[in-house]
Amino acid sequence: MPSALVPDTTSQKPTVLIIDDEAAPRAALTQILKQDFHILTAENAHAALAVLNGHGVDLVTLDLKLPDRSGSDLLTDIKRAHAEIEVIMVTAYGSLQTAMDCIRHGAAGFLLKPFNASELLAISLQTAQKKQRLDQLRPILANSTALWGPEPACTKAWESLVADYASRNRKGSPSASQSEETSPLVPLISDLLEAKDRHLLNHGSRVSFYSTLVANRLSLPLAEQQSLALGALVHDLDLLSTQNRHALNGESDQQTHRPDIGARMGRAMGLSADAVQIIALHHERWDGTGFPFGLQEERTPLLARIVGIAQAFDDLTAEKPERTALPVDEALEQIEQQAGTAFDPTLTELFCRIMREQPPQS
Ligand SMILES: [Fe+2]
């Protein structure tokens, strides 16, 4: 069955590579992690890259200061060559900002020296478990055509994937006590987006956050706010299905986006009708020149209009490998210039006011 998850591998210990030039932290990390992980160590970046190329490594703990390379540069190299390996930065208080920057560049978390043993073990285990979940999803995304294919195979494939994921991750997880305000699909959706490309998850999460700020200000009913938060998170769901990576770079054209496919996937996985509409219609424009239907003005539903603005703003302000991010003020000016053409003028005014009141951290 194309969407079935691979056999359980929880009985196998994950492998961690500890990269640190000092013997004492290497020994401390080894001591704390050795019961739950296979341990490999490296004293510098050169040795670390050799180990990574020769062994199956799941997790790296990476000291920010190395003799032959900065930890943040080595992080970039690791993520470029081995995107699936999870990296936890190790740092002292003085370099906290650098560690935060590393998270924006793909690190899964950071640990502060001196180590708190239980915290270190908890973060390492959680990160290794996430990697295992993503490793189960990656081959499905690479090989399944049914998940974004025609009905009825699409719905069957999603039902199977949702059920497999739920049963596999139920044990030991807090999902049973999950808040009623959060869809039970959010963990799976988040993992799928991250398994495809962590930028997709980050983009969706920020667009969801910006959209929620607008919804709060409009005092939308709770059910609509929930659909908006979820629909904004998955608005680019179609990109799970395509090999074309241009769309990840913010090009919202008809060649790179297939909102009809995204909407079909959303329906098949059981999203609300409002969330599916967001996926289907957030590329429409106020003046009727958008796609896929060329809907004009308020014919595009409110929630999709909000997401259209929020995602355009994030495309302008998010850091991208090939393009410098615009400062918030400049991005808002660009959004305002498109009020009445691309965007609903009233919503644009509200969105820009909210963003100027509480600008996002860059
Ligand atoms: Fe988007």
Anything in the stretch 204-238 that is within 11 Å of the ligand (Cβ to nearest atom) and over 16 Å from Val186 (Cα atoms)? List them, or say none. Asp238
Part of a loop (DSSP other than H, G, I, E, B), in contact with a helix residue (DSSP H, G or I) (Cβ under 6 Å, 6 or more places away or on another chain) and modelled with pLDDT under 95: is that true of His257 in this structure? yes
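Report the residue count in the stretch 87-109 for those that are over 22 Å from Lys320 (Cβ atoms) and without any contact (Cβ under 8 Å) to a residue 40 or more places away in the chain.
Going through the stretch 87-109 one residue at a time, the tally reaches 8.
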With the condition kept exactly as written, say whether any residue in the stretch 207-215 is surrounded by 18 or more Cβ atoms within 10 Å (Cβ to Cβ), more than 8 Å from the chain's Cα centre (by Cα) and within 19 Å of Ile140 (Cα to Cα). no
How many residues are outside any helix (DSSP H, G or I) and among the charged types (D, E, K, R) if we restrict to the stretch 283-309? 3
Check on Ile78, part of a helix (DSSP H, G or I) and over 24 Å from Ser118 (Cβ atoms): yes
Step by step: first the residues of the stretch 304-321, then only those that are under 15 Å from Phe291 (Cβ atoms) and away from the ligand (no atom under 11 Å from the Cβ), then the one that is surrounded by the most Cβ atoms within 10 Å (Cβ to Cβ). Which residue is that? Arg305
Report yes if some residue within the stretch 296-303 is charged (D, E, K, R), touching a residue at least 24 places away in the same chain (Cβ under 8 Å) and within 16 Å of the ligand (Cβ to nearest atom); otherwise report no. no
Taking into account only those residues within the stretch 80-99 that are surrounded by 15 or more Cβ atoms within 10 Å (Cβ to Cβ) and under 22 Å from Thr317 (Cα atoms), which is modelled with the lowest pLDDT? Ala99
Answer yes or no as to whether Asp274 is surrounded by 15 or more Cβ atoms within 10 Å (Cβ to Cβ), acidic (Asp, Glu), under 30 Å from Thr155 (Cα atoms) and away from the ligand (no atom under 16 Å from the Cβ). yes
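The values are calculated or read from the model by the stated rules, or taken from the named source; none is laboratory data. This is a predicted model, so every value here is computed, not measured. Counting neighbours? That spans all protein chains shown, and the Cβs are built from the backbone with ideal geometry, glycine included.
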